[in-house]
1. Quick one: putting +1 on the C-beta of Lys and Arg, -1 on the C-beta of Asp and Glu, what dipole do you get for the chain around its Cα centre, in Debye to the nearest 20?
2. Looking at region 150-289, I'd like the Rg to Rh ratio, where Rg is from alpha-carbon atoms and Rh is Kirkwood's inverse mean 1/r.
3. May I ask you to give the percent of accessible area on the chain that is carbon plus sulfur, with a probe radius of 1.4 Å?
4. Determine which residues of region 248-288 fall in the zone a paramagnetic label at Asp365 would reach in this model, i.e. backbone nitrogen under 17 Å from the point 7 Å along Cα→Cβ.
5. In percent, how large is the relative contact order of region 71-221, given Cα pairs closer than 8 Å and 6 or more residues apart?
6. Taking the convex hull of the alpha carbon atoms in region 65-108, what volume per residue do you get, in Å³?
7. Going by alpha carbons, how many degrees (0 to 90, nearest 10) lie between the helix axis of 236-247 and the longest principal axis of the chain?
8. Taking region 73-218 on its own, what percent of its Cα-Cα pair distances exceed 27 Å?
Amino acid sequence: MPSSKRLRATLVALAAATVAAAMTLVPRFAADAQEGAAPTQIEALSEFDGADCDLPPGSPGSNSQLPDPFTSIDGTPITSVSQWECRRAEIKELAESAVYGDKPAPPDSVTGNVSGSNITVNVTDNGQSTSFSASVQTPGGSGPHPAVIVYGGFGADTDAILGAGAAVVNYDPGAVGAEGTGRSNKEGAFYDLYGSNSSTGILMAQAWGVSRIIDVIESSGGNVLTDSTGVTGCSRYGKGAFIAGAFDQRIDLTMPVESGTGGVPAFRSVSQESGAQPLSSAYGEQPWLGDAFGDYTSNPAGLPVDTHQIVGMIAPRGLLVMENPHVDWLGASSGALGALGGREVYRALGAESNISYISDVQNGDHCASRPEWSGPIQQSIRAFLLDSDSAPGVFDVSPNRPADLGQWRNWQTPTLGSDPGETTPPDDTTPPDETTPPDETTPPVEGGCTAEIVVVNDWGSGWQGNVEITAGAESISGWALEWSWPSGQSISSSWNADVSGSGSSVTATDAGWNGPIAAGETRSAWGFIASGQSTSPAVTCTAT
């Protein structure tokens, strides 16, 4: 098995010439064709690979729906992988300026030491110096080991992490960005360097500390820890882990747990979700978010970004989002929406299996270790840190806290090509996972349309289906579907269609923007989460 060195998740197969031409924008690729191992991966060049991008000025206007991840500030549609790198840089800039505050460029000097029990970090920048440390717990064996940085000792189950063969780095985020301070007198190692009145919130400050730990790990020579790194945290530390993964492309696996407002949950949705922590509360409880976010607490539509785009910043690297639907304050429906929207970026990059989301859990205790999460945690570590397994690719949304992306977007998801001149037409379905291309050897039906339910994920108590619709010999401007469940199935949530039912009968119609389908084209037009045993009943499709 080739050694892992910041291997990332599947993008698309780029020709060697294309990679060479776009090297300033596109991460490096490394292949692992061994059966059962993680597929083709990418290796980030640095903490932030888009530093050389020439970003257009301006900001998107007010928008009550989730902003389009695939349209640049200047209105240019993103159609290729090489363009995505600079679009990601745009999103980063907007997120820093409006939500989190600036993350400074890598400092002048970072030194330190890694042992089997401790990491020391010494940082100098602009003539100022500071230091902090973290403890290390290795899983045993010869090593060196990949590491998962755990915020404050609370995150993904440490026994599961160690059992999968990764070390645990216990990080005290308060040493870098302290809670319990005012916005004008922030404390911690970050503010030692950049000033106690810095407009950067403590979530970004703490994420900066994670990056400095990675600097030391990478320079240590790999005697104890490899440079395959994950990060996790729960609750306020889940917010921190999420931001750390988004703003450092060297992090191979991000695992936020119950992150709540300021974490994965979409800002626009939180303001409408009953019982969820309001934006003003998340801003005022602690200086977690940047000072500029105060302008948006009562106007989320004015935000130039939302969390689905922050999820997209992590793509195509490993991401496992774990949420608790039993605590209203955590905003799990908004979390599902943020993850669903972000998964569209993974999907556009051809890496749908590298994002997983689980909120259908039984135990309602905050930050508890849950059996529903243990397997995906260990599989994610094996896939993204040890390169010895496939990604979990599970999307298990609690039926009590569903989300409908179709109600929150008016944009479509392209499949990004390997070159600006090569692009695949948009595919309108929200979730993955696998879609079936048109069979060009089969003549289209004479008129109207046909439809088929494709089972893309099955977790026993429920399943996920995509509905593929094929137009006949003539294009259609809309569609209506009917079918009957065979044995007690029911839809708990859906996206990109208006769905109703009575008993075992189901009817669904297009959402307007996804109704037109060209003659002979097959489109994975919408999808749903259903309870019961997975099935693919016969579907009647009528063109409208």
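The values are calculated or read from the model by the stated rules, or taken from the named source; none is laboratory data. Note that this is a predicted model, so its numbers are computed, not measured. No Cβ is skipped: glycine too gets one built from the backbone with ideal geometry, and neighbour counts run over all protein chains shown. What goes into the accessible areas is simple: the full protein's heavy atoms, side chains included, and nothing from ligands, DNA or RNA. Shrake-Rupley method; radii C 1.70, N 1.55, O 1.52, S 1.80 Å.
1. Dipole of the chain, to the nearest 20 debye: 940 debye.
2. My calculation of the ratio gives 0.99.
3. 46
4. 258
5. 21
6. It is 94 Å³ per residue.
7. 80
8. 34
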